[in-house]
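No value in this document is a laboratory result; all are computed from the given coordinates. Values in this document were obtained by computation on a predicted structure and should not be read as measured data. Positions of Cβ are backbone-derived with ideal geometry, glycine not excepted, and every protein chain shown enters the neighbour counts.
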Amino acid sequence: MPMKNPSPMTAPTFALRKGGEPLVVLTAYDFLTAQLFDQCGVDCLLVGDSLGVVVQGKGTTVEVTMDQMVYHTSLVSRASKHALVVGDLPFLSYHTETASAVRNAGRLIQEGGAGAVKLEGGVRVRAQIEAIVSAQIPVMGHVGLTPQSIKRFGRYRVQRDEQLILDDARAIEEAGAFSIVIESVPASLAAKITAAVSIPTIGIGAGPSCDGQVLVWQDALGLLVDFDPKFVKRFADVHGEMKRGVEAYCREVRTRSFPDEDHSYR
Ligand code: KIV
């Protein structure tokens with residue numbers, strides 16, 4: 001498989017891509033998929049707490065624990081030769097005080113091998129971002145629809161409070177973060193934020209003007225088929241391909257056509 005990204009991506013080289021070739025970010029949660037995505041030239045592998053939904057089968061991300069994030073981040077870091085690995089700080093791992101925010105961010109770097117961490121919120125987590133950055137850990141912010149706030153939001157929906165989201169993005173930049181995820185906001189607002197900040201914006205459901213795009217891989221590659229929001233485009237049919245494969249396996253085992261001579265030791 002061709003290597004499209006010859007040198008490893010770091011938070012500073014990622015940030016330098018502001019306004020340049022769009023940054024490609026994809027989630028990853030395990031070794032083999034991370035290795036494949038890295039070899040395909042993805043710029044950044046985000047070990048998102050979305051794993052609560054797409055790996056653990058839970059309804060939201062809020063049950064994901066720090067230990068689980070460290071574990072999955074370590075699997076992805078082991079696989080990545082080129083992509084920047086960003087580990088997500090889960091719910092309550094940075095909300096209570098800055099000391100635990102720094103300690104938990106440090107775990108994703110030290111035990112998980114990540115190159116950076118991500119956390120949700122803007123103005124309300126400014127002190128935490130400043131403290132983590134002071135500890136020399138690069139931070140990616142996350143504004144707009146922040147899934148860890150689902151109990152307060154009530155449901156997942158497009159976020160339209162322009163001033164609040166702009167203020168959050170500016171607070172994240174001022175606190176020293178190297179990039180910002182913008183989730184589920186009107187494309188015009190994402191364009192405004194992208195123009196207003198000097199760090200790369202990575203959109204998900206935020207239109208074409210961001211400096212990069214991120215998708216959950218199970219959405220992008222069509223493994224998760226009963227979730228079909230407007231912003232997801234399916235670039236492959238992994239669900240269909242796996243289903244065909246498993247059905248063929250079942251059939252061949254039951255008809256004794258597998259294993260045949262070619263797949264048996266003499
Ligand atoms: O948890 C996650 O995967 C994320 C992305 C969807 C941005 O936060």
(request) Could you tell me the largest-minus-smallest coordinate of the C-alpha atoms of the range 85-189 on each of the three principal axes, in descending order and whole angstroms? (result) 37, 26, 25
(message) If you take every residue apart from residue 89 with its C-beta less than 9 Å away from the C-beta of residue 89, what net charge results, scoring Lys and Arg +1 and Asp and Glu -1?
(response) -2
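Between beta-carbons, use under 13 Å as the cut-off and find the net charge around residue 251, counting Lys and Arg +1, Asp and Glu -1. Don't jump to the answer; show the numbers that get you there.
Values: positive: 243, 244, 254, 256; negative: 247, 252.
Net of charged neighbours comes to +2.
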(request) Quick one: angle between helix 238-254 and the longest Cα principal axis of the chain, in degrees between 0 and 90, rounded to 10, please. (result) 30 degrees
(message) For the chain, give me the percentage of DSSP beta bridges that are antiparallel, rounded to the nearest 5 percent.
(response) 5 percent
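Sum up the charges of everything whose Cβ sits under 14 Å from the Cβ of residue 222, counting Lys and Arg as +1 and Asp and Glu as -1, but leave residue 222 out.
On the way: positive: 233, 234, 243, 244; negative: 219, 226, 228, 237, 241.
Once all neighbours under 14 Å are counted, the net charge is -1.
Compute the length gained on full extension between residue 71 and residue 100: take 0.36 nm times their separation in residues and subtract their Cα-Cα distance, giving the result in nm to one decimal.
Details: separation 29, 0.36 × 29 = 10.44 nm, distance 1.83 nm.
The residue 71-residue 100 span can extend by a further 8.6 nm.
Work out, step by step, the length gained on full extension between residue 258 and residue 149: first 0.36 nm times the residue separation, then minus their alpha carbon distance; give nm to one decimal. Can you show the working numbers first?
Numbers: separation 109, 0.36 × 109 = 39.24 nm, distance 4.95 nm.
Full extension from residue 258 to residue 149 adds 34.3 nm.
Treat every Asp and Glu Cβ in the chain as -1 and every Lys and Arg Cβ as +1, leave all other atoms uncharged, and give the resulting dipole magnitude about the Cα centre to the nearest 20 debye.
Working: 27 positive and 30 negative charges, 44 e Å.
My answer is approximately 200 debye.
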(message) Between helix 66-79 and the chain, what is the angle of the helix's C-alpha long axis to the longest principal axis, kept within 0 to 90° and rounded to the nearest 10?
(response) 60 degrees
(request) Jot down the radius of gyration and Dmax of the range 163-239, Cα atoms only, both in angstrom. (result) 13.9, 42
(request) In vacuum, with every alpha carbon of the range 1-154 counted as one equal point scatterer, what does the Debye formula give for log10 I(q)/I(0) at q = 0.09, 0.18, 0.20 Å⁻¹? Two decimals, please. (result) -0.26, -1.07, -1.29
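How far, in nm, would the chain grow between residue 62 and residue 248 when pulled straight, counting 0.36 nm per residue and subtracting the alpha carbon separation?
Numbers: separation 186, 0.36 × 186 = 66.96 nm, distance 3.75 nm.
Net length gain for the segment: 63.2 nm.
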(request) Two decimals is fine: what is log10 I(q)/I(0) at q = 0.13, 0.19, 0.26 Å⁻¹ for the range 106-159, from a Debye sum with one equal scatterer on every Cα and no solvent? (result) -0.39, -0.72, -0.99
(request) Pick out which of 201, 13, 255 has the largest mean-square fluctuation in a Gaussian network model of the chain, springs linking Cα atoms closer than 10 Å. (result) 255
(request) Please work out, to two decimal places, the log10 of the ratio I(q)/I(0) at q = 0.09 Å⁻¹ from a Debye calculation in which every Cα of the chain carries one identical scatterer. (result) -0.41
